[in-house]
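Below you'll find the structure, written out as structure tokens, and then a few comments.
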Amino acid sequence: MLKIIIMSDIHIMQPEEIKFGLDTAERFKKAIKDVNDFHSDADLCIYAGDIADAGQVSSYQLFDNIREENPIKSYVMMGNHDDRNVYIQYNKDAMVDNNGFVQGAIETKGYRVIMLDSSEPGHVEGILCEQRLAWLRDELALAAQANTPVILVLHHTANSLHMPVDTYKLSNADDLANTLKESDAQIAQIISGHCHISTAGSWHGFPVATLSGNQHRVGGFFKNTPGQQPCFEGPAQFLVLFANETGVTVHFHNYIDRNLKLPDAMFPRKKKQLFADE
Ligand SMILES: [Fe+2]
Ligand SMILES: [Fe+2]
């Protein structure tokens, strides 16, 4: 069984900086504590972009100080709030491909996990240039050759959420769809952050999910929703993804959750529960 923790939209600000009462560093510490308490058996952890709120070195330093406590092998990706050049300059061990993009792939437990860099300094929307699409083609070919299903992670949403975030999603999503369709690889799951909301569905037949991440959660905002799009201080969320030979399951795990817990006595059958493999 492959178990992956995917965190996104960490948005670390300057040390000591708190915006309207929201302390993203404090929240991120809680995420890392949650991993230590409940998920140290995960195989890897992916930080899926928007690591820093404003692409500053001091934010990346603070991020690294906090994630030092994460016991799991982890990979850092870039989002639109990051600055790829600043990050690469700062972190000499950054995951960087031959063309200088912060992306990479690993094969583990029967899956190929592809972490694709959709960020472009100075742009809020995602962009996949020809170099990145070519890199992705090669990765997909390797997966197809080995008959290994793919879990694809990129910061920007490729599918439409039918919300205003669509105006700054992956701008050339059609190119990504065509690249995936033209490959012989099996796409088991696509995961994105960026939109700060939990959604799941399919896109060109590929399963997609988005998570709300470490910073604020964006509320549903549809054409008839009045007023300004609401944003909430919680829950703060990361994904717990399980994958085995039968497929992929994605949990939206809230490590800060202010919902009222109902009394255990209300659910006597849950008092002793076994897992299916026990
Ligand atoms: Fe974000
Ligand atoms: Fe973003």
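Miscellaneous remarks
- Atom-type composition of the exposed protein surface of the chain places 50 percent of the accessible area on carbon and sulfur (1.4 angstrom probe).
- Rg over Rh, two decimals, the chain (C-alpha only, Kirkwood Rh): 0.96
- With the whole protein complex present, CYS231 retains an accessible surface near 80 Å², based on a 1.4 Å probe.
- Solvent-accessible surface (1.4 angstrom probe) belonging to LYS261, in square angstrom, nearest 10: 150
- Mean Cβ count within 10 Å, highest first, over the residues of peptides 82-93, 144-155: 144-155, 82-93
- Most tightly packed first, judged by the mean number of other beta-carbon atoms within 10 Å of their residues, the peptides 234-240, 135-141, 246-252 read 234-240, 135-141, 246-252.
- Net charge dipole, the range 2-270: roughly 820 debye, given to the nearest 20, about the Cα centre with Cβ charges of +1 for Lys and Arg and -1 for Asp and Glu.
- Pairwise FRET efficiency - ASP184 versus PHE232, Cβ, R0 = 41 Å, nearest 0.05: 0.45
- Here the spin labels are modelled as points 7 Å beyond Cα on the Cα-Cβ line, and at GLU69 and ASN99 they lie 3.9 nm apart.
- Residue-normalised accessible area of the chain, given per residue in Å² at a 1.4 Å probe: 50
- Ordering ALA144, PRO121, LEU161 by the projection of their Cα atoms onto the charge dipole of the chain, which places +1 on the Cβ of Lys and Arg and -1 on the Cβ of Asp and Glu, puts LEU161 at the extreme positive end.
- Placing a label point 7 Å from the Cα of SER58 along the Cα-to-Cβ line, the residues of the range 67-102 whose backbone N sits under 18 Å from it are 82-83, 86-87, 90-91.
- Full extension of the chain between ALA144 and LEU262 yields a length gain of 37.8 nm, computed as 0.36 nm times the residue separation minus the alpha carbon distance.
- Cα shape, the range 136-278, gyration tensor, a/c 1.5 rule: oblate
- Residues SER192, SER160, SER202, ordered by accessible area of protein heavy atoms at a 1.4 angstrom probe radius and largest first, appear as SER202, SER160, SER192.
- Going by accessible surface with a 1.4 Å probe and the largest first, GLU16, GLU107, GLU120 read GLU16, GLU107, GLU120.
The values are calculated or read from the model by the stated rules, or taken from the named source; none is laboratory data. Predicted model only: the values in this text are computed from it and were never measured. A quick note on method: Cβ atoms are made from the backbone with ideal geometry, for glycine too, and the neighbour counts reach across all protein chains shown. Keep in mind that these areas ignore ligands, DNA and RNA; they rest on the heavy atoms of the full protein, side chains included. Shrake-Rupley method; radii C 1.70, N 1.55, O 1.52, S 1.80 Å.
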